[in-house]
1. Working only within the stretch 145-183, note down all residues that are in a helix (DSSP H, G or I), out of contact with any Phe, Trp or Tyr (no Cβ under 8 Å at 6 or more places or on another chain), touching a residue at least 24 places away in the same chain (Cβ under 8 Å) and of a type in the set (Asp, Glu).
2. Check Glu237 against each of (1) over 19 Å from Arg170 (Cβ atoms); (2) modelled with pLDDT of 85 or more; (3) not hydrophobic (A, V, I, L, M, F, W, C) and name the one condition it does not meet.
3. Name the single residue that is nearest to Val456 (Cα to Cα) among those in the stretch 419-430 being open to solvent by 40 Å² or more (accessible area, probe 1.4 Å) and among the hydrophobic types (A, V, I, L, M, F, W, C).
4. Would you call His135 of a type outside the set (Lys, Arg) and over 30 Å from Ala294 (Cα atoms)?
5. Going through the stretch 375-392 one residue at a time, which ones are modelled with pLDDT of 80 or more and basic (Lys, Arg)?
6. Taking the condition of being polar (S, T, N, Q), open to solvent by less than 70 Å² (accessible area, probe 1.4 Å) and either assigned to a loop (DSSP other than H, G, I, E, B) or modelled with pLDDT under 90 (or both), how many residues in the stretch 260-299 meet it?
7. Would you point out the residue of the stretch 134-192, among those that are of a type in the set (S, T, N, Q) and surrounded by 19 or more Cβ atoms within 10 Å (Cβ to Cβ), that is nearest to Gly312 (Cα to Cα)?
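The values are calculated or read from the model by the stated rules, or taken from the named source; none is laboratory data. Keep in mind the model is a prediction, meaning the values are calculated, not measured. Note that each Cβ is placed from the backbone with ideal geometry, even for glycine, and that neighbours are counted across all protein chains shown. Please note that ligands, DNA and RNA were not included when accessible areas were found on the heavy atoms of the full protein model with its side chains. Shrake-Rupley method; radii C 1.70, N 1.55, O 1.52, S 1.80 Å.
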Amino acid sequence: MTAGIGGGSVDHPAHPAHPAHPVDPAHPVASVAPRVVPPRTPARTLADRLLDGADFGVLSVDERGLVRRANAAARRLLPGLREAELLPGPVAAGLTGGPDDGPAELELGGRALRARRQELPDGWVAWHVEDVTEHRRRLDNLLAERARSRFLATASRRLGLSLHPGRTARAVVELASSELADLAVVVLPVRGGVSEWFACTGDRVARSGRTDVADMPAELRDALAGIATGPRPLLAEDLAGQPWAAGSTGAPAAAALISLPGNGVPAGALVLLRHEADSAAAPGVDQALTEEFAQRSGLALAAASLCAGQAGTAAVLKRSLQQPELPRLPGMAFGAADGGLELELAGGGHLPPLVVRRDGVEEVEIGGMLVGAVPGARFASRTVRLAPGEACVLCTDGVSEARGGVDGRETLGETRLAALLAGAHVMPAPAIAERVEQHTTRWLASGAHDDIAVLVVQAPLALPAPAVEDRP
(Lines give C-alpha, C1' and ligand atoms only; values in the text may rest on other atoms or scores of the structure.)
Protein backbone atom coordinates (compact mmCIF):
# COMPACT_ATOMS: atom_id res chain seq x y z
CA MET A 1 0.00 0.00 0.00
CA THR A 2 1.38 3.39 -1.04
CA ALA A 3 0.20 6.93 -0.56
CA GLY A 4 -1.99 8.38 -3.40
CA ILE A 5 -2.92 11.87 -4.64
CA GLY A 6 -4.90 13.90 -2.15
CA GLY A 7 -3.84 11.72 0.77
CA GLY A 8 -5.45 8.50 -0.52
CA SER A 9 -3.78 5.08 -0.79
CA VAL A 10 -3.30 2.64 -3.66
CA ASP A 11 -3.42 -1.13 -3.12
CA HIS A 12 -1.14 -3.28 -5.40
CA PRO A 13 -1.12 -7.10 -5.66
CA ALA A 14 2.00 -8.84 -4.37
CA HIS A 15 4.59 -9.41 -7.16
CA PRO A 16 7.63 -11.10 -5.65
CA ALA A 17 10.78 -10.98 -7.66
CA HIS A 18 10.58 -14.70 -8.05
CA PRO A 19 6.98 -15.81 -7.91
CA ALA A 20 6.22 -19.16 -6.42
CA HIS A 21 4.07 -20.00 -9.41
CA PRO A 22 5.15 -19.06 -12.87
CA VAL A 23 2.84 -16.96 -14.94
CA ASP A 24 1.13 -18.77 -17.73
CA PRO A 25 1.60 -16.70 -20.86
CA ALA A 26 -1.65 -18.00 -22.21
CA HIS A 27 -3.54 -16.60 -19.22
CA PRO A 28 -1.99 -13.28 -18.27
CA VAL A 29 -2.99 -11.68 -14.93
CA ALA A 30 -5.16 -8.55 -15.32
CA SER A 31 -3.63 -5.41 -13.90
CA VAL A 32 -5.66 -3.54 -11.18
CA ALA A 33 -6.09 0.28 -11.64
CA PRO A 34 -5.33 2.34 -8.56
CA ARG A 35 -8.38 3.92 -6.65
CA VAL A 36 -7.92 7.69 -6.40
CA VAL A 37 -9.75 9.68 -3.63
CA PRO A 38 -10.67 13.30 -4.73
CA PRO A 39 -9.36 16.19 -2.66
CA ARG A 40 -11.54 17.19 0.24
CA THR A 41 -13.78 20.35 0.02
CA PRO A 42 -12.49 22.92 2.46
CA ALA A 43 -14.48 22.59 5.64
CA ARG A 44 -17.05 25.36 6.32
CA THR A 45 -15.87 27.53 9.09
CA LEU A 46 -17.95 28.66 12.02
CA ALA A 47 -18.10 32.19 10.55
CA ASP A 48 -19.58 30.80 7.29
CA ARG A 49 -22.27 28.96 9.18
CA LEU A 50 -23.12 32.00 11.26
CA LEU A 51 -23.42 34.22 8.17
CA ASP A 52 -25.65 31.69 6.38
CA GLY A 53 -27.98 31.75 9.37
CA ALA A 54 -28.44 35.53 9.19
CA ASP A 55 -31.65 36.91 7.66
CA PHE A 56 -29.76 39.72 5.90
CA GLY A 57 -27.35 39.36 3.04
CA VAL A 58 -23.57 39.76 3.36
CA LEU A 59 -21.16 39.63 0.42
CA SER A 60 -17.58 40.68 -0.16
CA VAL A 61 -16.16 41.91 -3.44
CA ASP A 62 -12.42 42.13 -4.14
CA GLU A 63 -10.53 44.91 -5.88
CA ARG A 64 -11.26 43.36 -9.30
CA GLY A 65 -15.03 43.28 -8.71
CA LEU A 66 -15.23 39.51 -8.16
CA VAL A 67 -17.56 38.17 -5.54
CA ARG A 68 -15.35 36.40 -3.01
CA ARG A 69 -17.90 35.36 -0.44
CA ALA A 70 -21.74 35.60 -0.22
CA ASN A 71 -23.99 34.11 2.41
CA ALA A 72 -27.28 32.32 1.70
CA ALA A 73 -29.42 35.41 2.27
CA ALA A 74 -27.33 37.43 -0.22
CA ARG A 75 -27.69 34.75 -2.88
CA ARG A 76 -31.44 34.68 -2.26
CA LEU A 77 -31.94 38.46 -2.37
CA LEU A 78 -29.62 39.17 -5.31
CA PRO A 79 -30.61 37.08 -8.34
CA GLY A 80 -27.70 35.71 -10.38
CA LEU A 81 -25.10 36.27 -7.66
CA ARG A 82 -22.26 33.67 -7.72
CA GLU A 83 -18.95 33.49 -5.97
CA ALA A 84 -15.78 33.99 -8.06
CA GLU A 85 -17.84 35.88 -10.66
CA LEU A 86 -18.52 39.52 -11.32
CA LEU A 87 -21.64 41.12 -9.86
CA PRO A 88 -24.70 40.76 -12.16
CA GLY A 89 -25.50 43.92 -14.09
CA PRO A 90 -28.70 44.98 -12.19
CA VAL A 91 -27.01 44.26 -8.88
CA ALA A 92 -23.85 46.19 -9.81
CA ALA A 93 -25.99 49.13 -10.98
CA GLY A 94 -27.83 49.24 -7.66
CA LEU A 95 -24.82 48.76 -5.39
CA THR A 96 -23.19 52.13 -5.96
CA GLY A 97 -22.02 54.94 -3.77
CA GLY A 98 -19.42 55.38 -1.08
CA PRO A 99 -19.75 54.92 2.67
CA ASP A 100 -20.69 58.59 3.14
CA ASP A 101 -23.53 58.48 0.60
CA GLY A 102 -25.82 56.54 2.88
CA PRO A 103 -27.48 53.20 2.14
CA ALA A 104 -28.17 52.26 -1.47
CA GLU A 105 -31.82 51.62 -2.43
CA LEU A 106 -32.65 49.14 -5.19
CA GLU A 107 -35.59 47.14 -6.50
CA LEU A 108 -34.88 43.54 -7.58
CA GLY A 109 -37.32 40.75 -8.21
CA GLY A 110 -40.24 42.73 -6.88
CA ARG A 111 -38.47 43.32 -3.56
CA ALA A 112 -37.25 46.58 -2.05
CA LEU A 113 -33.65 46.26 -0.81
CA ARG A 114 -31.40 48.53 1.21
CA ALA A 115 -27.61 47.90 1.03
CA ARG A 116 -24.97 49.42 3.31
CA ARG A 117 -21.36 49.61 2.11
CA GLN A 118 -18.35 48.72 4.27
CA GLU A 119 -14.74 49.29 3.20
CA LEU A 120 -12.33 46.35 3.78
CA PRO A 121 -8.52 46.12 3.58
CA ASP A 122 -6.73 45.60 0.25
CA GLY A 123 -9.47 47.45 -1.69
CA TRP A 124 -12.16 44.91 -0.87
CA VAL A 125 -15.75 46.02 -0.20
CA ALA A 126 -18.44 44.35 1.87
CA TRP A 127 -22.18 44.93 1.33
CA HIS A 128 -24.84 44.30 3.97
CA VAL A 129 -28.17 43.82 2.16
CA GLU A 130 -31.53 44.04 3.94
CA ASP A 131 -35.02 43.26 2.60
CA VAL A 132 -37.18 46.29 3.49
CA THR A 133 -40.22 45.39 1.38
CA GLU A 134 -42.60 44.80 4.28
CA HIS A 135 -41.27 47.79 6.22
CA ARG A 136 -41.78 50.05 3.22
CA ARG A 137 -45.26 48.64 2.62
CA ARG A 138 -46.24 49.29 6.22
CA LEU A 139 -44.80 52.81 6.01
CA ASP A 140 -46.64 53.50 2.75
CA ASN A 141 -49.89 52.23 4.26
CA LEU A 142 -49.38 54.42 7.33
CA LEU A 143 -48.67 57.50 5.22
CA ALA A 144 -51.65 56.75 2.99
CA GLU A 145 -53.92 56.33 6.01
CA ARG A 146 -52.70 59.62 7.44
CA ALA A 147 -53.34 61.33 4.10
CA ARG A 148 -56.85 59.83 3.98
CA SER A 149 -57.55 60.97 7.53
CA ARG A 150 -56.35 64.50 6.77
CA PHE A 151 -58.47 64.66 3.63
CA LEU A 152 -61.61 63.41 5.38
CA ALA A 153 -61.07 65.78 8.31
CA THR A 154 -60.68 68.70 5.89
CA ALA A 155 -63.76 67.58 3.99
CA SER A 156 -65.86 67.36 7.17
CA ARG A 157 -64.83 70.83 8.30
CA ARG A 158 -65.55 72.42 4.95
CA LEU A 159 -68.80 70.58 4.30
CA GLY A 160 -70.09 71.73 7.68
CA LEU A 161 -69.56 75.42 6.91
CA SER A 162 -72.65 75.90 4.73
CA LEU A 163 -76.29 74.87 4.76
CA HIS A 164 -76.91 76.16 1.23
CA PRO A 165 -77.34 73.29 -1.28
CA GLY A 166 -75.47 75.05 -4.08
CA ARG A 167 -72.49 76.08 -1.97
CA THR A 168 -72.34 72.60 -0.40
CA ALA A 169 -72.35 70.91 -3.82
CA ARG A 170 -69.59 73.25 -4.99
CA ALA A 171 -67.51 72.32 -1.93
CA VAL A 172 -68.01 68.61 -2.69
CA VAL A 173 -66.69 68.85 -6.26
CA GLU A 174 -63.77 71.07 -5.27
CA LEU A 175 -62.70 68.58 -2.59
CA ALA A 176 -63.17 65.55 -4.86
CA SER A 177 -61.23 67.11 -7.76
CA SER A 178 -58.30 67.87 -5.45
CA GLU A 179 -57.92 64.27 -4.25
CA LEU A 180 -60.01 61.72 -6.11
CA ALA A 181 -60.30 62.68 -9.79
CA ASP A 182 -59.32 65.06 -12.56
CA LEU A 183 -62.95 66.13 -12.96
CA ALA A 184 -65.64 65.76 -10.28
CA VAL A 185 -69.34 66.32 -10.87
CA VAL A 186 -72.25 66.43 -8.42
CA VAL A 187 -75.73 66.02 -9.89
CA LEU A 188 -78.52 67.04 -7.53
CA PRO A 189 -81.92 65.27 -7.40
CA VAL A 190 -84.34 65.83 -10.25
CA ARG A 191 -87.05 68.45 -9.73
CA GLY A 192 -89.56 69.14 -12.42
CA GLY A 193 -87.71 66.98 -14.95
CA VAL A 194 -84.51 69.05 -14.58
CA SER A 195 -81.46 68.49 -12.43
CA GLU A 196 -78.83 70.98 -11.35
CA TRP A 197 -75.16 69.98 -11.60
CA PHE A 198 -71.86 71.35 -10.31
CA ALA A 199 -68.45 70.43 -11.75
CA CYS A 200 -64.84 71.21 -10.87
CA THR A 201 -61.50 70.26 -12.44
CA GLY A 202 -58.20 69.67 -10.69
CA ASP A 203 -57.16 73.28 -11.30
CA ARG A 204 -60.19 74.46 -9.29
CA VAL A 205 -62.21 75.67 -12.30
CA ALA A 206 -65.81 75.29 -11.13
CA ARG A 207 -68.90 75.39 -13.33
CA SER A 208 -72.61 74.71 -12.87
CA GLY A 209 -75.71 74.30 -14.96
CA ARG A 210 -78.90 72.35 -15.53
CA THR A 211 -79.62 69.24 -17.53
CA ASP A 212 -82.81 67.51 -18.58
CA VAL A 213 -83.43 64.11 -17.05
CA ALA A 214 -84.10 62.66 -20.50
CA ASP A 215 -80.52 63.50 -21.54
CA MET A 216 -78.92 61.68 -18.58
CA PRO A 217 -77.33 58.23 -18.88
CA ALA A 218 -79.50 55.45 -17.49
CA GLU A 219 -76.88 54.70 -14.80
CA LEU A 220 -77.06 58.29 -13.55
CA ARG A 221 -80.85 58.22 -13.41
CA ASP A 222 -80.68 54.98 -11.40
CA ALA A 223 -78.21 56.53 -8.95
CA LEU A 224 -80.44 59.57 -8.42
CA ALA A 225 -83.46 57.31 -7.93
CA GLY A 226 -81.64 55.16 -5.36
CA ILE A 227 -81.73 52.03 -7.52
CA ALA A 228 -77.92 51.78 -7.73
CA THR A 229 -76.04 53.07 -4.69
CA GLY A 230 -72.54 51.55 -4.71
CA PRO A 231 -69.62 52.78 -6.82
CA ARG A 232 -70.06 51.77 -10.44
CA PRO A 233 -67.55 52.08 -13.29
CA LEU A 234 -68.69 53.95 -16.38
CA LEU A 235 -67.47 53.95 -19.94
CA ALA A 236 -66.37 57.18 -21.55
CA GLU A 237 -69.13 56.67 -24.12
CA ASP A 238 -71.74 56.72 -21.33
CA LEU A 239 -70.94 60.36 -20.60
CA ALA A 240 -70.67 61.60 -24.16
CA GLY A 241 -72.57 64.83 -24.70
CA GLN A 242 -73.01 65.66 -21.01
CA PRO A 243 -72.88 69.43 -20.40
CA TRP A 244 -70.27 69.27 -17.65
CA ALA A 245 -67.74 67.68 -20.05
CA ALA A 246 -67.82 70.71 -22.37
CA GLY A 247 -64.51 72.55 -22.42
CA SER A 248 -62.56 69.87 -20.52
CA THR A 249 -59.16 68.89 -21.91
CA GLY A 250 -58.62 65.29 -22.96
CA ALA A 251 -61.07 62.45 -23.31
CA PRO A 252 -62.03 60.66 -20.07
CA ALA A 253 -60.18 57.36 -19.81
CA ALA A 254 -62.00 56.15 -16.71
CA ALA A 255 -65.13 57.18 -14.86
CA ALA A 256 -66.95 56.10 -11.73
CA LEU A 257 -70.44 56.84 -10.41
CA ILE A 258 -71.61 56.69 -6.80
CA SER A 259 -74.93 57.64 -5.25
CA LEU A 260 -74.74 60.14 -2.39
CA PRO A 261 -76.87 58.83 0.50
CA GLY A 262 -79.34 61.29 1.94
CA ASN A 263 -82.26 61.37 4.33
CA GLY A 264 -84.05 58.27 3.07
CA VAL A 265 -83.53 59.21 -0.59
CA PRO A 266 -80.29 60.00 -2.44
CA ALA A 267 -79.02 63.53 -1.93
CA GLY A 268 -77.44 63.43 -5.39
CA ALA A 269 -74.86 61.53 -7.42
CA LEU A 270 -71.09 61.94 -7.65
CA VAL A 271 -69.29 61.35 -10.96
CA LEU A 272 -65.48 61.02 -10.95
CA LEU A 273 -63.55 61.17 -14.22
CA ARG A 274 -59.87 60.71 -15.07
CA HIS A 275 -58.37 61.90 -18.32
CA GLU A 276 -56.12 59.80 -20.50
CA ALA A 277 -53.30 62.35 -20.39
CA ASP A 278 -53.09 62.12 -16.61
CA SER A 279 -54.20 58.58 -15.87
CA ALA A 280 -50.75 57.06 -16.29
CA ALA A 281 -49.20 59.28 -13.65
CA ALA A 282 -52.15 59.55 -11.32
CA PRO A 283 -52.66 56.87 -8.65
CA GLY A 284 -55.76 54.74 -8.64
CA VAL A 285 -58.84 55.90 -6.78
CA ASP A 286 -59.08 54.52 -3.27
CA GLN A 287 -62.52 52.91 -3.20
CA ALA A 288 -62.79 52.94 0.60
CA LEU A 289 -61.84 56.62 0.68
CA THR A 290 -64.33 57.40 -2.08
CA GLU A 291 -67.17 55.63 -0.27
CA GLU A 292 -66.42 57.40 3.03
CA PHE A 293 -66.23 60.77 1.26
CA ALA A 294 -69.52 60.04 -0.50
CA GLN A 295 -71.17 59.25 2.85
CA ARG A 296 -70.08 62.55 4.36
CA SER A 297 -70.96 64.52 1.23
CA GLY A 298 -74.42 62.97 1.08
CA LEU A 299 -75.15 63.84 4.71
CA ALA A 300 -73.99 67.43 4.16
CA LEU A 301 -76.13 67.81 1.02
CA ALA A 302 -79.16 66.25 2.76
CA ALA A 303 -78.79 68.65 5.70
CA ALA A 304 -78.47 71.62 3.33
CA SER A 305 -81.53 70.51 1.36
CA LEU A 306 -83.56 70.05 4.56
CA CYS A 307 -82.52 73.48 5.83
CA ALA A 308 -83.41 75.09 2.51
CA GLY A 309 -86.83 73.44 2.58
CA GLN A 310 -87.47 74.62 6.12
CA ALA A 311 -86.34 78.13 5.23
CA GLY A 312 -88.73 78.17 2.27
CA THR A 313 -91.63 76.95 4.42
CA ALA A 314 -90.82 79.57 7.06
CA ALA A 315 -90.78 82.30 4.42
CA VAL A 316 -94.20 81.24 3.12
CA LEU A 317 -95.63 81.18 6.65
CA LYS A 318 -94.10 84.52 7.43
CA ARG A 319 -95.64 86.09 4.36
CA SER A 320 -99.03 84.61 5.25
CA LEU A 321 -98.85 85.94 8.80
CA GLN A 322 -97.75 89.42 7.91
CA GLN A 323 -100.37 92.12 7.89
CA PRO A 324 -101.46 92.94 4.35
CA GLU A 325 -100.62 96.25 2.83
CA LEU A 326 -103.77 98.30 2.92
CA PRO A 327 -104.67 100.96 0.36
CA ARG A 328 -103.78 104.58 0.92
CA LEU A 329 -106.78 106.87 0.54
CA PRO A 330 -106.80 110.61 1.16
CA GLY A 331 -108.47 111.49 4.44
CA MET A 332 -108.56 107.90 5.79
CA ALA A 333 -106.31 105.67 7.91
CA PHE A 334 -106.55 101.83 7.88
CA GLY A 335 -105.51 99.24 10.43
CA ALA A 336 -105.82 95.43 10.30
CA ALA A 337 -104.92 92.40 12.43
CA ASP A 338 -104.67 88.71 11.60
CA GLY A 339 -105.68 88.38 8.05
CA GLY A 340 -106.14 90.17 4.75
CA LEU A 341 -109.78 91.18 4.43
CA GLU A 342 -111.28 93.43 1.84
CA LEU A 343 -113.58 96.19 3.21
CA GLU A 344 -116.89 96.74 1.49
CA LEU A 345 -119.42 98.83 3.51
CA ALA A 346 -122.47 96.81 2.54
CA GLY A 347 -124.55 94.26 4.36
CA GLY A 348 -124.39 90.65 3.26
CA GLY A 349 -125.13 88.65 6.39
CA HIS A 350 -122.07 89.93 8.23
CA LEU A 351 -121.88 91.23 11.76
CA PRO A 352 -122.99 94.84 11.95
CA PRO A 353 -120.00 97.24 11.98
CA LEU A 354 -119.20 99.02 15.21
CA VAL A 355 -118.37 102.71 15.14
CA VAL A 356 -116.12 103.93 17.92
CA ARG A 357 -117.16 107.50 18.62
CA ARG A 358 -116.09 109.97 21.24
CA ASP A 359 -119.20 109.38 23.33
CA GLY A 360 -119.43 105.59 22.99
CA VAL A 361 -119.78 102.69 20.56
CA GLU A 362 -122.50 102.68 17.91
CA GLU A 363 -123.75 99.54 16.16
CA VAL A 364 -124.53 100.17 12.49
CA GLU A 365 -127.39 98.05 11.21
CA ILE A 366 -127.15 97.62 7.44
CA GLY A 367 -129.14 94.48 6.57
CA GLY A 368 -129.12 92.75 3.21
CA MET A 369 -129.32 89.22 1.93
CA LEU A 370 -126.80 86.55 2.82
CA VAL A 371 -123.94 86.45 0.34
CA GLY A 372 -124.23 83.37 -1.91
CA ALA A 373 -127.53 82.16 -0.42
CA VAL A 374 -129.87 83.05 -3.30
CA PRO A 375 -129.28 84.02 -6.91
CA GLY A 376 -129.75 87.67 -7.74
CA ALA A 377 -129.33 88.72 -4.10
CA ARG A 378 -129.63 92.38 -3.22
CA PHE A 379 -127.46 94.11 -0.66
CA ALA A 380 -128.16 97.18 1.37
CA SER A 381 -125.57 99.84 2.03
CA ARG A 382 -125.20 102.66 4.40
CA THR A 383 -122.96 105.65 4.66
CA VAL A 384 -121.26 106.18 7.97
CA ARG A 385 -119.69 109.53 8.69
CA LEU A 386 -116.70 109.46 11.01
CA ALA A 387 -115.51 112.48 12.88
CA PRO A 388 -111.74 112.98 13.18
CA GLY A 389 -110.35 110.19 15.37
CA GLU A 390 -113.47 108.03 15.15
CA ALA A 391 -113.18 104.53 13.74
CA CYS A 392 -115.33 101.88 12.14
CA VAL A 393 -114.50 98.35 13.26
CA LEU A 394 -115.44 95.34 11.10
CA CYS A 395 -114.98 91.78 12.42
CA THR A 396 -115.70 88.29 11.24
CA ASP A 397 -118.01 86.12 13.34
CA GLY A 398 -114.95 84.31 14.63
CA VAL A 399 -114.62 87.21 17.07
CA SER A 400 -118.18 87.38 18.44
CA GLU A 401 -118.60 83.58 18.46
CA ALA A 402 -115.26 82.80 20.11
CA ARG A 403 -115.99 80.31 22.90
CA GLY A 404 -114.11 80.47 26.17
CA GLY A 405 -114.65 82.09 29.55
CA VAL A 406 -114.84 80.16 32.79
CA ASP A 407 -116.41 77.00 31.39
CA GLY A 408 -114.87 77.29 27.93
CA ARG A 409 -118.29 77.33 26.24
CA GLU A 410 -119.36 80.95 26.65
CA THR A 411 -119.24 83.14 23.54
CA LEU A 412 -117.52 86.50 23.56
CA GLY A 413 -120.63 88.16 22.10
CA GLU A 414 -121.29 91.59 20.64
CA THR A 415 -121.95 93.18 24.05
CA ARG A 416 -118.47 92.35 25.38
CA LEU A 417 -116.96 93.43 22.05
CA ALA A 418 -118.69 96.83 22.27
CA ALA A 419 -117.52 97.26 25.87
CA LEU A 420 -113.98 96.41 24.76
CA LEU A 421 -114.07 99.21 22.19
CA ALA A 422 -115.42 101.87 24.56
CA GLY A 423 -112.91 104.68 24.88
CA ALA A 424 -110.76 103.32 22.01
CA HIS A 425 -111.27 106.50 19.99
CA VAL A 426 -107.99 107.80 21.42
CA MET A 427 -106.07 104.84 19.93
CA PRO A 428 -104.71 104.60 16.38
CA ALA A 429 -106.34 102.16 13.97
CA PRO A 430 -103.66 99.43 14.18
CA ALA A 431 -103.83 99.48 17.99
CA ILE A 432 -107.63 99.09 17.96
CA ALA A 433 -107.39 96.08 15.65
CA GLU A 434 -104.63 94.52 17.75
CA ARG A 435 -106.66 95.04 20.96
CA VAL A 436 -109.63 93.15 19.54
CA GLU A 437 -107.45 90.32 18.24
CA GLN A 438 -105.49 89.87 21.49
CA HIS A 439 -108.59 89.94 23.71
CA THR A 440 -110.31 87.39 21.47
CA THR A 441 -107.28 85.13 21.56
CA ARG A 442 -107.13 85.27 25.36
CA TRP A 443 -110.87 84.54 25.58
CA LEU A 444 -110.65 81.43 23.47
CA ALA A 445 -110.37 78.00 25.05
CA SER A 446 -108.17 75.29 23.53
CA GLY A 447 -110.86 74.09 21.10
CA ALA A 448 -111.39 74.84 17.41
CA HIS A 449 -112.63 78.25 16.35
CA ASP A 450 -113.68 80.13 13.26
CA ASP A 451 -111.44 82.57 11.44
CA ILE A 452 -110.62 85.77 13.30
CA ALA A 453 -110.07 88.91 11.29
CA VAL A 454 -110.39 92.58 12.18
CA LEU A 455 -110.37 95.63 9.91
CA VAL A 456 -110.45 99.18 11.24
CA VAL A 457 -111.13 102.31 9.20
CA GLN A 458 -110.35 105.51 11.04
CA ALA A 459 -110.63 109.16 10.19
CA PRO A 460 -107.29 110.81 11.03
CA LEU A 461 -107.12 113.53 13.60
CA ALA A 462 -106.73 116.99 12.20
CA LEU A 463 -103.31 118.23 13.19
CA PRO A 464 -102.90 121.94 13.92
CA ALA A 465 -100.97 123.88 11.37
CA PRO A 466 -97.40 124.60 12.51
CA ALA A 467 -96.95 128.08 13.88
CA VAL A 468 -95.06 130.46 11.64
CA GLU A 469 -92.48 132.39 13.53
CA ASP A 470 -92.30 136.02 12.61
CA ARG A 471 -88.77 137.02 11.85
CA PRO A 472 -87.56 140.53 11.36
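1. Listed by number, the list holds a single entry, Glu174.
2. (2)
3. Top of the filtered list is Met427.
4. Details: of a type outside the set (Lys, Arg): yes; over 30 Å from Ala294 (Cα atoms): yes.
So His135 passes the test.
5. Arg382, Arg385
6. 2
7. Here the residue is Thr168.
One line per residue, one yes/no per condition, for (1) of a type in the set (Val, Ile, Thr); (2) over 27 Å from Pro330 (Cα atoms); (3) open to solvent by less than 20 Å² (accessible area, probe 1.4 Å); (4) in a loop (DSSP other than H, G, I, E, B):
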position	(1), (2), (3), (4)
Ala387	no, no, no, yes
Leu394	no, no, no, no
Leu417	no, yes, yes, no
Ile432	yes, no, yes, no
Asp450	no, yes, no, yes
